[in-house]
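The values are calculated or read from the model by the stated rules, or taken from the named source; none is laboratory data. Being a predicted model, the structure only gives us computed values, none of them experimental. In this analysis, Cβ positions are derived from the backbone assuming ideal geometry, glycine residues included, and neighbour counts consider all displayed protein chains. Each accessible area value is taken on the protein alone, full model and side chains, heavy atoms only, with ligands, DNA and RNA left out. Shrake-Rupley method; radii C 1.70, N 1.55, O 1.52, S 1.80 Å.
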Amino acid sequence: MKENPLRYLGVLMLIVLGSYTFVVAAGIAQNLDTLITTFTEGHQQEDLSFATDKAIPDSGELERAVHAVIEEYRSFDAALSDSLTLRLLSKTKKLNIPAVIEGRGLAGPGEILLDPAFAKANGYSLGNSIKAAGKNFTVVGYVSLPHYIYPLKNVYDIMVSPSNFGVGVIDPAEFADIGNGSLFYSVRFQDRTQSLNQQAVQFRERLHAEGVTESEWVDIMNNKRARMAWASITGLKTMSIPVPAAMFLLCCLIIGIMIWRMIRREGVIIGTLYAQGYRRRELMGHYMTIPLLLAVAGGAAGSLLALLSVAPAITGMVSYYNVPVAGVELNLWHALIGVLTPVLFLGLSSYLVIRLELRRSPAELMKGSEQKTKVNALERAFKLERFTFGTKFKLREQLRSISRLLFLFLGVISASVLMLLGFTIMNSMGYVFKSSTEGTYRFEYEYAFKDLHYGQAPAGAEVFNAGRFYPEDEEEIEFYVTGVEPDSAFLTLTDSKGQPLPNDQINVTKPLAEKLGIKAGDRVSLISKQDGQPYVFSIDAVADSYAGQFIFMPVEALNRQLGLPANSYTGLWSTEKLAVPDEQLAGTKSLSETAAAMDELLGPMLSMVGMMTLIACMVSLIIIYLVTSLMIEENKNTISLFKIFGYRRREINALILNSSTLVIVAGFLIGIPVMAASMGAIYGYVGGMINLVLPTVINPLYVVVCFGAIMLTYQLSKLLCARKVHAVSMSEALKAGTE
């Protein structure tokens with residue numbers, strides 16, 4: 001190991017990265033899972049919520065009839081400034097019970113509990129005063145709410161923005177002075193085994209029988225405020241297996257190559273030791289020491305670093321997911337697996353390689369005849385005789401060792417995928433937001449009403465209507481069928497060729513069409529979440545837009561199909577801010593606020609991309625250095641002869657160090673479709689958790705940037721290895737001839 005310290009250090013770093021990735025991802029996922037499950041169950045997270053135009057006459061009787069817990073609460077959106085909104089919620093006792101995470105709970109009027117991210121972003125410390133809804137409140141604590149774990153202003157948003165929106169909990173008596181606060185009900189069913197949608201439909205029918213009209217109906221499975229955290233947990237669990245496995249497999253390959261070549265090089269010595277009475281078991285133990293030592297040291301170091309990183313990572317994540325952190329559990333089983341896995345991987349692969357070599361007899365080993373290089377089928381297939389000497393030499397150096405070639409090729413693919421991964425996530429999210437704010441939608445404000453409105457839209461605005469639907473037998477998929485004006489100027493849809501689609505027909509957005517497996521000309525039967533009845537829609541075209549999962553159709557046609565009054569609508573799109581009374585609104589949305597939230601996320605996302613790029617560069621540097629150093633060691637005699645024949649240093653470097661260029665370029669190019677396929681699978685799996693579809697968008701500019709980073713790493717590895725080439729003396733060839 002002293003002879004090649006950098007080589008073994010590189011292998012050690014790969015093992016450390018593999019163990020670290022597994023232990024930290026598994027630790028974060030387990031802790032988040034425990035924290036969120038404990039929080040939502042202990043504080044009674046709702047199954048659904050809705051607003052009503054009047055109080056339910058006898059909620060106790062309704063609870064017994066539908067076997068559920070029902071609780072009333074109030075909500076009011078207080079505008080603190082033109083761009084800052086604080087949602088005031090009344091304190092509840094049975095469902096969505098607030099958890100005070102710092103400070104104290106409410107003791108009386110004039111006090112408020114704030115969402116900690118909102119308080120931090122806007123400078124509200126404990127004891128500060130805040131004016132909202134015309135009243136002064138004192139901040140006495142920070143709070144977590146089971147139905148606002150991911151505090152979105154609207155359930156159909158994607159990005160949180162604590163600089164623009166937050167949640168506060170106040171005493172219910174405070175709403176006596178807030179005249180236009182909305183009345184909401186939370187529901188949690190006692191039967192946790194039945195279908196949520198079936199129970200919700202029965203509950204809604206019972207509400208209608210009581211003469212209650214509901215709006216803003218949101219069930220927990222389609223509430224991103226609750227589901228986004230579970231998507232992160234699923235993503236971490238998904239990524240905690242393939243990334244470490246790839247690292248360990250690469251380590252197995254390079255360790256196998258090094259051990260194999262070491263034994264072949266020392267075959268005469270091993271044969272002599274055999275002849276002197278040393279047993280195979282003793283020699284096996286000697287050569288197994290290196291991989292096992294590296295595996296134990298790397299696994300232990302990676303696991304220890306990961307255990308130290310879990311708590312800070314959880315603290316960072318709860319700034320996005322507002323859950324109380326009672327404590328962080330460090331799972332020693334994860335650490336043990338982080339150590340045993342590389343031991344198993346490297347130990348088994350090394351054992352097989354060593355056993356294969358030590359099966360030969362002492363006489364065969366002492367002859368050393370097996371060390372002669374053989375021309376393999378791949379080298380013969382290339383017919384190298386037609387190339388110039390330089391090209392032929394470089395190709396032969398790669399093709400003579402399939403295992404080494406495979407290691408370099410897979411290593412570059414892995415590093416390229418890791419590097420492109422972060423840029424692709426950023427591009428995908430940016431594309432979706434750009435598609436919404438600059439492409440499909442040409443309005444600034446969206447107003448959703450609690451009840452049906454009638455007549456014409458105000459000047460500068462357009463009406464729309466919307467209903468929530470899901471496919472038969474797929475209750476977890478929820479989307480909107482939206483009715484728009486046939487000549488709408490605010491909705492611009494195009495086909496795959498960029499040609500505009502008319503709004504007087506039924507168009508489906510591309511992500512929804514892909515999810516449902518439908519195309520133009522199909523008839524699709526969908527179940528309404530309003531009444532549980534099926535409705536059939538004939539699709540005219542698929543819009544090449546990722547601005548959400550929607551079916552768009554003329555508003556009057558939708559009204560007729562749903563049995564709604566003519567000239568009725570549930571929302572307005574507008575380019576200007578409208579004077580709509582707050583008590584009429586179920587929610588508002590500003591596309592500029594969405595863009596601001598994306599900009600707010602860009603900083604942390606760039607940091608993540610930078611970290612992934614740095615790790616990928618380190619991985620590629622280690623792999624390229626390991627392969628190049630192996631090539632130099634195997635070609636010491638050839639390098640020595642080059643020097644004897646008068647080759648200059650630059651020419652030798654070009655022949656030896658540049659021979660991997662084609663493999664590295666090929667590995668990077670193969671990494672692009674591998675990354676695209678991986679991202680498609682990840683988006684599909686995680687997106688199913690939160691009912692969100694993201695496209696895999698690869699920006700050519702970032703591909704060039706990643707390629708430049710890979711090639712820069714390649715140049716750096718060549719600089720590190722150049723010293724090894726220069727250190728080879730002319731006497732090496734003479735020594736080899738003597739031996």
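Overview of results
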item	result
Amide H contacts of N223 (H built 1.01 Å from N, under 5 Å, at least 5 apart or other chain)	none
Residues with amide H under 5 Å from that of A520, placed H, sequence gap 5 or more	V542
Within segment 112-209, percent of DSSP bridges classed antiparallel, to nearest 5	65
Solvent-free Debye scattering, log10 I(q)/I(0), computed from the Cα coordinates of segment 425-536 at q = 0.14, 0.20 Å⁻¹	-0.73, -1.39
Carbon plus sulfur fraction of accessible area for the chain, probe 1.4 Å, in percent	59
For segment 47-161, projected area of the alpha-carbon convex hull averaged over all directions, nm²	8.5
Label-to-label distance, nm, for residues given as A381 and L308 (7 Å Cα→Cβ offset)	4.8
³J(HN,Hα) computed for each position of segment 254-268 - Karplus, 6.51 cos²θ - 1.76 cosθ + 1.60, integer Hz, glycine/proline x	5, 5, x, 4, 5, 5, 4, 5, 4, 5, 5, 5, 9, x, 5
Amide proton proximity set for A78, modelled H, under 5 Å, gap of 5+	L86, R87, L88
When the chain is reduced to its Cα atoms, the Kirkwood hydrodynamic radius in Å	30.0
Full-stretch length increase - L356, S525 - with 0.36 nm per residue and alpha-carbon distance subtracted	54.6 nm
Sparse-neighbour loop sites [GluC sites (Glu not before Pro); segment 1-110; at most 10 other C-beta within 10 Å; DSSP]	E3
Relative contact order, percent, the chain [alpha-carbon distance under 8 Å, six or more residues apart]	16
DSSP loop trypsin sites (Lys or Arg not before Pro) with at most 10 other Cβ within 10 Å: longest gap in the chain	498-647
Distance violations [Cα-Cα > 22 Å] among K91/K135; K224/K589; K450/K515; K367/K394; K636/K718; K394/K724	K450/K515; K367/K394
Two-site FRET efficiency, K497 against L701, from Cβ-Cβ distance with R₀ of 25 Å, rounded to 0.05	0.55
Over the chain: helical MRE at 222 nm, DSSP H runs n ≥ 4 each giving -39500 (n - 2.57), nearest 500	-17500 deg cm²/dmol
Additional length obtainable on full extension of the chain from E634 to N128, 0.36 nm per residue less Cα span	175.0 nm
Calculated from backbone phi, Karplus (6.51, -1.76, 1.60) coupling profile of segment 309-323 in Hz, x at Gly/Pro	8, 4, 4, x, 5, 4, 4, x, 6, 6, 6, 9, 10, 7, 10
Hz values of 3J(HN,Hα) by residue in segment 4-18 - Karplus curve (6.51, -1.76, 1.60), Gly and Pro given as x	10, x, 5, 5, 6, 5, x, 4, 4, 5, 5, 5, 4, 4, x
Efficiency of FRET between E329 and A557 - r from beta-carbon atoms, R0 51 angstrom, step 0.05	0.40
